[in-house]
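Enquirer: Got a structure here, written out as structure tokens. Questions coming.
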Ligand SMILES: Nc1ncnc2c1ncn2[C@@H]1O[C@H](COP(=O)(O)OP(=O)(O)O)[C@@H](O)[C@H]1O
Ligand SMILES: [Mg+2]
């Protein structure tokens with residue numbers, strides 16, 4: 001892959017909750033327009049990494065830049081899909097309303113969403129195949145539908161960079177395919193996506209880059225260069241079984257009843 | 001109705017609605033206990049403010065109370081962040097400490113002023129109309145009506161202006177922060193509002209019952225609607241109903257008005273809790289019963305489908321064998337068969353059950369969903 005403009009650069013990032021370090025000296029370079037997976041066992045600090053980049057957690061040390069500038073100057077360029085379980089889905093509101101929240105950043109304080117925001121939200125719902133559900137109360141959605149709503153909400157942010165925390169968690173196969181198609185479209189439009197991912201098997205198929213994280217950054221770079229048995233072993237400890245298959249050179253990896261999220265198929 | 005009675009009901013209604021509006025966000029943020037703490041600790045702010053300005057009617061007392069409300073919230077969060085105490089335990093530590101300090105200060109140093117502890121705990125709405133606001137020599141109404149209308153307007157204005165920010169920060173604080181709306185600022189703004197409301201409500205309903213006025217109307221409304229705007233409106237309506245009916249109950253029973261208001265609000269909640277059309281206990285029980293029968297009918301069609309056209313069909317699909325094969329009690333099996341027949345899912349041919357086209361389709365669909 002040719003050398004590209006850096007969308008995100010993280011240098012020497014250390015984050016601690018109280019005294020306990022959760023991320024140690026993490027370096028990460030994300031070129032513009034790529035799809036990057038962040039993988040690592042539960043509690044590896046994947047969510048923390050995303051939150052620290054987005055200024056939601058104060059790091060103990062390190063630098064973070066988005067297109068060469070600090071995050072707070074670049075908010076408008078960043079879209080966010082939090083972990084689905086991070087909100088209360090019994091909140092009294094409907095699908096359209098939640099998607100419109102993605103526009104609040106553009107609106108700024110006090111100004112209310114109007115026709116234009118509604119149009120954009122409906123357009124985004126169309127893209128994720130949820131247009132029919134715009135008036136649906138959010139507590140009545142399935143897991144996959146909730147994930148699509150969050151995705152639509154990120155799309156209306158019209159960002160350059162998207163952070164997604166476990167976008168495939170608990171979704172059905174159809175939704176997974178719909179999401180990956182969407183990610184490829186974003187990438188084709190030169191948008192950058194960084195997503196926490198659990199299914200090691202699909203990493204080479206879905207993503208261009210991968211960061212292997214377990215408190216420290218074990219490796220980060222193009223999938224074909226860093227997604228190796230050795231690095232995976234370093235990330236997951238001895239808990240991953242491997243099958244090295246002939247083919248396109250990428251490793252076929254099978255998480256044997258070990259890592260969280262998707263188990264072995 | 002005498003003028004005094006009308007005035008009392010007006011004050012009660014304004015107090016109740018003023019409490020219910022910020023209460024909606026407290027309920028959605030699971031902060032009921034925090035509001036209880038605030039409504040007590042603001043007393044310490046009033047007492048300290050009183051020692052400084054030595055005037056019980058000074059508006060500075062309200063400022064002092066609001067600051068104390070925010071201090072309460074920060075202390076609880078500080079304790080909680082150490083991860084040594086849970087949030088509810090932190091509230092349980094901070095609130096009695098500050099409140100008891102206030103009570104000690106009052107009984108020790110301010111025994112002769114209006115701050116007596118009975119009034120502090122329960123308030124006395126019945127006396128509120130006797131404190132008149134006199135402007136240029138003419139009586140324009142009870143002071144409490146003006147202060148509480150002021151608080152109500154403040155709450156209404158705050159919620160109208162920052163509706164979008166309150167909604168976002170309550171539903172998804174992380175997104176609010178990422179988009180540049182400081183959820184901390186919104187949080188403390190709301191807590192300041194709760195503190196001011198608590199102080200305002202203090203005189204009339206006392207500190208114990210403020211929490212009931214803040215929480216009961218929103219939780220009732222929550223069970224009835226899927227929209228935040230409707231929840232706000234319904235909460236205000238319930239608050240007003242509770243205030244007025246509460247007044248009359250107190251009148252007939254010769255009881256404390258604030259207490260009767262809280263009781264009526266509790267009653268409203270009880271009724272909603274039982275009979276809310278979708279989320280009430282009765283509706284839930286009905287739905288569960290319906291689902292039980294629907295599930296049983298689906299199981300029956302699947303059983304019949306599995307044996308359809310096999311040699312065992314004649315054996316398996318006899319009505320009296322169902323209870324054995326599906327492990328159903330015979331009366332239950334008979335009821336399921338009867339319902340399935342009524343819905344056109346199965347037909348009975350002299351003792352044997354056969355699927356209709358609809359029944360076959362239901363079985364297939366159920367199996368599809370399960371895989
Ligand atoms: N608010 C918090 N306070 C203290 N520790 C936390 C907090 N959030 C997460 N942690 C800890 O930080 C570590 C990393 O968490 P997280 O980033 O959520 O991991 P991942 O997303 O990779 O599963 C975990 O050990 C977790 O227990
Ligand atoms: Mg996580």
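The values are calculated or read from the model by the stated rules, or taken from the named source; none is laboratory data. Source: prediction; values computed, not measured. Using ideal geometry, Cβ is built from the backbone for each residue, glycine included, and neighbour counts are taken over all protein chains shown.
Enquirer: In a loop (DSSP other than H, G, I, E, B), crowded, with 23+ Cβ neighbours inside 10 Å and more than 16 Å from ligand 1 (Cβ to nearest atom): does that describe residue A:92?
Expert: Numbers: in a loop (DSSP other than H, G, I, E, B): yes; crowded, with 23+ Cβ neighbours inside 10 Å: yes; more than 16 Å from ligand 1 (Cβ to nearest atom): yes.
It is true that residue A:92 is in a loop (DSSP other than H, G, I, E, B), crowded, with 23+ Cβ neighbours inside 10 Å and more than 16 Å from ligand 1 (Cβ to nearest atom).
Condition check ((1) modelled with pLDDT of 95 or more; (2) more than 10 Å from chain A (Cβ to nearest Cβ)) across all residues:
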residue: B:119; (1), (2): no, yes
residue: B:123; (1), (2): no, yes
residue: B:126; (1), (2): no, yes
residue: B:130; (1), (2): no, yes
residue: B:143; (1), (2): no, yes
residue: B:154; (1), (2): yes, yes
residue: B:162; (1), (2): yes, no
residue: B:180; (1), (2): no, no
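Enquirer: Might you check whether a residue that is touching a helix residue (DSSP H, G or I) at 6+ places or on another chain (Cβ under 6 Å) and within 16 Å of ligand 2 (Cβ to nearest atom) occurs anywhere in the range A:63-78?
Expert: No - not one qualifying residue is present in the range A:63-78.
Residues are listed down the side, and each one gets a yes or a no for (1) within 12 Å of another protein chain (Cβ to nearest Cβ); (2) assigned to a strand (DSSP E or B); (3) modelled with pLDDT of 95 or more:
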residue	(1), (2), (3)
A:2	no, no, no
A:8	no, yes, yes
A:13	no, yes, yes
A:37	no, yes, yes
A:43	no, no, no
A:80	yes, yes, yes
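Enquirer: Among the numbered criteria (1) over 14 Å from the mean Cα position of the chain (by Cα); (2) farther than 20 Å from residue B:19 by Cα, which single criterion is violated by residue B:279?
Expert: All conditions are met except number (1).
Enquirer: Being outside the structural domain of residue B:126 (by TED's automatic domain parsing) and surrounded by fewer than 17 Cβ atoms within 10 Å (Cβ to Cβ) narrows it down to one of B:289, B:255, so name that one. Talk me through it step by step, then tell me what you get.
Expert: Working: B:255 fails: outside the structural domain of residue B:126 (by TED's automatic domain parsing).
Answer to the selection: B:289.
Enquirer: Looking at (1) surrounded by 24 or more Cβ atoms within 10 Å (Cβ to Cβ); (2) closer than 14 Å to residue B:24 by Cα; (3) facing chain A (nearest Cβ under 10 Å), which one does residue B:194 not meet, given that it meets all the others?
Expert: Result: residue B:194 passes all but (3).
Enquirer: Residue by residue through the range A:75-91, note down the ones that are more than 18 Å from the chain's Cα centre (by Cα) and without any contact (Cβ under 8 Å) to a residue 40 or more places away in the chain. Talk me through it step by step, then tell me what you get.
Expert: Within the range A:75-91, the first condition is being more than 18 Å from the chain's Cα centre (by Cα), and the residues that meet it are A:88-91.
Answer for the range A:75-91, where residues must be more than 18 Å from the chain's Cα centre (by Cα) and without any contact (Cβ under 8 Å) to a residue 40 or more places away in the chain: just A:88.
Enquirer: Next question, about the same structure. Quick one: would you say residue B:221 is closer than 30 Å to residue A:97 by Cβ, within 10 Å of chain A (Cβ to nearest Cβ) and in contact (Cβ under 8 Å) with a residue 12 or more places away in the chain? Full working, then the answer.
Expert: Values: closer than 30 Å to residue A:97 by Cβ: yes; within 10 Å of chain A (Cβ to nearest Cβ): yes; in contact (Cβ under 8 Å) with a residue 12 or more places away in the chain: yes.
Yes: the conditions hold for residue B:221.
Enquirer: Can you name the residue in the range A:51-62 that is within 11 Å of chain B (Cβ to nearest Cβ) and assigned to a helix (DSSP H, G or I) and is also nearest to ligand 2 (Cβ to nearest atom) among such residues?
Expert: Of the residues in the range A:51-62, the ones within 11 Å of chain B (Cβ to nearest Cβ) are A:51, A:53-57.
Now restrict to residues that are assigned to a helix (DSSP H, G or I): A:51, A:53.
Values: A:51: 9, A:53: 14 Å.
Once the filter is applied, the top-ranked residue is A:51.
Enquirer: Here's another thing I want to ask about it. Does residue A:153 fit the bill of being more than 13 Å from the chain's Cα centre (by Cα), away from ligand 2 (no atom under 16 Å from the Cβ) and more than 14 Å from chain B (Cβ to nearest Cβ)?
Expert: Numbers: more than 13 Å from the chain's Cα centre (by Cα): yes; away from ligand 2 (no atom under 16 Å from the Cβ): yes; more than 14 Å from chain B (Cβ to nearest Cβ): no.
It is false that residue A:153 is more than 13 Å from the chain's Cα centre (by Cα), away from ligand 2 (no atom under 16 Å from the Cβ) and more than 14 Å from chain B (Cβ to nearest Cβ).
Enquirer: So how many residues does the range B:321-355 have that are loosely packed, with under 13 Cβ neighbours inside 10 Å and in contact (Cβ under 8 Å) with a residue 12 or more places away in the chain?
Expert: Residues of the range B:321-355 that are loosely packed, with under 13 Cβ neighbours inside 10 Å, as a first pass: B:324, B:327, B:329-331, B:338, B:342, B:344, B:349-351.
Narrowing the set further to residues that are in contact (Cβ under 8 Å) with a residue 12 or more places away in the chain leaves B:344, B:351.
Final tally of qualifying residues: 2.
Enquirer: Give A:10, A:87, A:39, A:22 a once-over and let me know the one that is touching a strand residue (DSSP E or B) at 6+ places or on another chain (Cβ under 7 Å), within 16 Å of ligand 2 (Cβ to nearest atom) and more than 25 Å from residue A:181 (Cα to Cα). Lay out the reasoning, then the answer.
Expert: Details: A:10 fails: within 16 Å of ligand 2 (Cβ to nearest atom); A:87 fails: touching a strand residue (DSSP E or B) at 6+ places or on another chain (Cβ under 7 Å); A:39 fails: more than 25 Å from residue A:181 (Cα to Cα).
Going through A:10, A:87, A:39, A:22 in turn, just one is touching a strand residue (DSSP E or B) at 6+ places or on another chain (Cβ under 7 Å), within 16 Å of ligand 2 (Cβ to nearest atom) and more than 25 Å from residue A:181 (Cα to Cα): A:22.
Enquirer: Would you call residue A:85 in a helix (DSSP H, G or I) and within 16 Å of ligand 1 (Cβ to nearest atom)? Please lay out each step first, then the result.
Expert: Working: in a helix (DSSP H, G or I): yes; within 16 Å of ligand 1 (Cβ to nearest atom): yes.
Considered against the rule, which asks whether it is in a helix (DSSP H, G or I) and within 16 Å of ligand 1 (Cβ to nearest atom), residue A:85 comes out as yes.
Enquirer: Count, please, the residues in the range A:98-143 that happen to be under 25 Å from residue A:173 (Cα atoms), surrounded by fewer than 22 Cβ atoms within 10 Å (Cβ to Cβ) and free of Cβ contacts under 8 Å to residues at least 40 places away in the same chain.
Expert: Selection size over the range A:98-143: 8.
Enquirer: Determine if the range B:232-245 includes at least one residue that is assigned to a helix (DSSP H, G or I), more than 10 Å from chain A (Cβ to nearest Cβ), more than 17 Å from the chain's Cα centre (by Cα) and modelled with pLDDT under 95.
Expert: For the range B:232-245, residues assigned to a helix (DSSP H, G or I), more than 10 Å from chain A (Cβ to nearest Cβ), more than 17 Å from the chain's Cα centre (by Cα) and modelled with pLDDT under 95: absent.
Rundown of residues vs (1) away from ligand 2 (no atom under 16 Å from the Cβ); (2) part of a helix (DSSP H, G or I); (3) more than 12 Å from the chain's Cα centre (by Cα), yes/no style:
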| position | (1), (2), (3) |
| --- | --- |
| A:167 | no, no, no |
| A:170 | no, no, yes |
| A:181 | yes, yes, yes |
| A:202 | yes, yes, yes |
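Enquirer: What are the residues in the range A:42-61 that are farther than 28 Å from residue B:181 by Cβ and surrounded by fewer than 19 Cβ atoms within 10 Å (Cβ to Cβ), if any? Step through it out loud before you land on a result.
Expert: First, pick out the residues of the range A:42-61 that are farther than 28 Å from residue B:181 by Cβ: A:42-44.
Passing the criteria: A:42, A:43.
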